[in-house]
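Colleague: Mind having a look at this structure? Questions to follow.
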Amino acid sequence: MTVKVYGLECSSTKKTRQWLEKNGIPFEERNILKEPLTVSELQGILRLSLDGTEGIIATRSKAYKDLNLDLEELSLQELLEFIHGHPRLLRSPIIFDEKRLQAGFHKDEIRQFLPRQTRKTQWLNWQINNLNLAKG
């Protein structure tokens, strides 16, 4: 299962790349300024989103503020076409695989992309270390 990282050249995308490499997780990276997402790709990402378009749009970004957008006035199709033409509106990076999606780099949330056995082993090691500290 290959993780996809779609984003801008920014510190969050760099942190994501470093984290995935450090944890041995294979990934494909794509600069969305050089190769904007198609409407169809955006629809696929939205299928994984729990928060819909709000989860992937960078409403605090300069691009969003400069465009003075009212998202409520646009149909979903119009919004996706607009995002295709203005990729800086997306949160960066958008990290996903076949089942999971994360928008932006969040140290705790990105762990969802670790294989289940790795997460389990890390959790057991954490419990052992913290129980030993509590005893001694």
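Colleague: Among the residues of region 34-45, what is the count of those that are surrounded by 13 or more Cβ atoms within 10 Å (Cβ to Cβ) and either closer than 15 Å to S92 by Cα or of a type in the set (K, R) (or both)?
Modeller: 4
Colleague: Quick one: would you say T2 is of a type in the set (S, T, N, Q) and within 12 Å of I94 (Cα to Cα)? Explain how you work it out, then say what you get.
Modeller: On the way: of a type in the set (S, T, N, Q): yes; within 12 Å of I94 (Cα to Cα): no.
It is false that T2 is of a type in the set (S, T, N, Q) and within 12 Å of I94 (Cα to Cα).
Colleague: Anything in region 86-136 that is at negative phi, modelled with pLDDT of 95 or more and small (G, A, S)? List them, or say none.
Modeller: Within region 86-136, S92, A103 meet the criteria.
Colleague: Only one of Q117, Q122 is among the polar types (S, T, N, Q), loosely packed, with under 10 Cβ neighbours inside 10 Å and without any contact (Cβ under 8 Å) to a residue 12 or more places away in the chain; which? Before the answer, list the steps.
Modeller: Numbers: Q122 fails: loosely packed, with under 10 Cβ neighbours inside 10 Å.
Result: Q117 is the single residue among Q117, Q122 that is among the polar types (S, T, N, Q), loosely packed, with under 10 Cβ neighbours inside 10 Å and without any contact (Cβ under 8 Å) to a residue 12 or more places away in the chain.
Colleague: Quick one: what pairs do we get from region 4-33, first residue surrounded by 14 or more Cβ atoms within 10 Å (Cβ to Cβ) and of a type in the set (D, E), second in a loop (DSSP other than H, G, I, E, B) and at pLDDT 95 or above, C-beta under 9 Å, 6+ apart or different chains?
Modeller: Cβ pairs passing all conditions: E29/P93.
The values are calculated or read from the model by the stated rules, or taken from the named source; none is laboratory data. As the structure is a computational prediction, the values presented were derived from the model and not from experiment. Ideal geometry is used to build each Cβ from the backbone, glycine not excepted, and the neighbour counts take in all protein chains shown.
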